[in-house]
Amino acid sequence: MRQTNKKFHSIALVCISLVISLGLAEGLLRVKNSSMTNYDIEMWRYGKELKIRRSEPMLDFDHVKSKSAILQNVEIRLNEHGLRGGQLSPLPPGGRRILFLGASITFGWGVPEQDTLEVRLEKALNAIDKQPVQVLNAGVGNYNTERYVSRFFDELADLKPTDIVVHYCLRDAEDLPAGGDNLLLRHSQLAVILWGVYHRFFDKNGEQSMVQYYRDVYQPEAPGMLKMKEKLKQLSEYAKANNIRIYLAMTPITYNLVDYKFGFVHDIMKQVSAEYGYTYCDQLPTMKGVPQKDIWATPTDPHPNALGHRLMAEAIQPMLSQSGNASVNK
């Protein structure tokens, strides 16, 4: 009996020591990550502070309305529609309302609001167009085409845009399952860090592996590819019925813009755009050759920084300029 009690006390002591150690590790991590430079943790905070779960499988989650947060040392404002930016003002008579749909690149992760491509385009177009122009940022991190088009029909169609830009990137044809609400990952930075380390260790993230991965994603009968095309067709039909101009702006992945390996995706999306009546714009020519260190938001974050957003805006502006529409992408 005495020996059993001794074993129980030993196990209890180990458990208590482990809990204390984990608690200290969690506390130290939170102090360290208060600098807002850890990409994984800042994305985790984005999910906690500015996203809300949705019951619809196609959406999975959405932006919280009318809230702001400082993430990766950048202020993020969400307005009454869950769009990035300030409160939406009424559209003046004869004005253009250009709505950008997309994911975290469109959203401008890691980029100050005034440096995002949407704000840059609004300023540029208002300087040259005869009528007032609004450019709205409906990007949501971790969305794909199925999600951002579904969100448009669910809650953004009432904005009555005159133009819709699908700001497309490679990941948008991935078949993204609804995420589980893991209690540990939701509340522990230590769990998030360990989860990230696990995936970096076991996942194959080399460039050749990525190329093969996206070749598989863009196979004609791949589930995500079929869903992406279905949603782009649905949006195209809606736009045609409501006299809305539609565009698809193809965004390159930033891992290697010097020797770019993903041109086959751009070719596929150019064909898809033509099939469904989208005016197509490829942003690769303005970004090609830029070193990774010059265009990443941080050394560990591949999202385009302010320079990347400036280059994207320069590529897209001629497509959106009324005087340039006829000559875009011959």
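The values are calculated or read from the model by the stated rules, or taken from the named source; none is laboratory data. The structure displayed is predicted, hence computed values, not measured ones. In this analysis, Cβ positions are derived from the backbone assuming ideal geometry, glycine residues included, and neighbour counts consider all displayed protein chains.
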Residue satisfying all of: in the stretch 297-312; part of a strand (DSSP E or B) and either in contact (Cβ under 8 Å) with a residue 60 or more places away in the chain or among the basic types (K, R) (or both); nearest to D282 (Cα to Cα) among these: P304
Can you confirm whether the stretch 87-98 contains a residue that is in contact (Cβ under 8 Å) with a residue 60 or more places away in the chain and within 23 Å of I41 (Cβ to Cβ)? no
Under 6 Å between Cβ atoms, at least 6 apart or on separate chains: pull out the pairs that start in the stretch 38-50 with a residue that is touching a residue at least 60 places away in the same chain (Cβ under 8 Å) and end on any residue that is hydrophobic (A, V, I, L, M, F, W, C) and in a helix (DSSP H, G or I). D40/V192; W44/V192
So which residues in the stretch 153-181 are in contact with a strand residue (DSSP E or B) (Cβ under 6 Å, 6 or more places away or on another chain) and either surrounded by fewer than 23 Cβ atoms within 10 Å (Cβ to Cβ) or not assigned by TED's automatic domain parsing to the domain that holds I253 (or both), if there are any at all? T162, D163
Out of the residues in the stretch 313-330 that are assigned to a helix (DSSP H, G or I) and of a type in the set (A, V, I, L, M), which is modelled with the lowest pLDDT? A326
Determine, yes or no, whether L226 is under 23 Å from C281 (Cβ atoms), surrounded by 14 or more Cβ atoms within 10 Å (Cβ to Cβ) and hydrophobic (A, V, I, L, M, F, W, C). no
Of all residues in the stretch 133-155, which are assigned to a helix (DSSP H, G or I), among the aromatic types (F, W, Y) and within 21 Å of M269 (Cα to Cα)? Y148, F152
Checking the condition touching a Gly at 6+ places or on another chain (Cβ under 7 Å) and in the same structural domain as T286 (by TED's automatic domain parsing), which residue from Q114, Q87, Q72 passes? Q72
Taking the stated definitions as given, is V290 β-branched (V, I, T) and part of a loop (DSSP other than H, G, I, E, B)? yes
When only residues in the stretch 208-223 that are part of a helix (DSSP H, G or I) and either outside the structural domain of H266 (by TED's automatic domain parsing) or of a type in the set (F, W, Y) (or both) count, which is surrounded by the most Cβ atoms within 10 Å (Cβ to Cβ)? Y214
Matching residues in the stretch 84-118 - criterion: being part of a helix (DSSP H, G or I), aliphatic (A, V, I, L, M) and more than 20 Å from I128 (Cβ to Cβ): I105
Only residues that are under 16 Å from D62 (Cβ atoms) and β-branched (V, I, T): list them for the stretch 106-144, please. T106, V140
Testing L125 on (1) more than 14 Å from the chain's Cα centre (by Cα); (2) part of a loop (DSSP other than H, G, I, E, B); (3) farther than 21 Å from A239 by Cα, one condition comes back false. Which one is that? (2)
Among (1) touching a residue at least 24 places away in the same chain (Cβ under 8 Å); (2) part of a helix (DSSP H, G or I); (3) surrounded by fewer than 17 Cβ atoms within 10 Å (Cβ to Cβ), which single condition is K261 missing? (2)
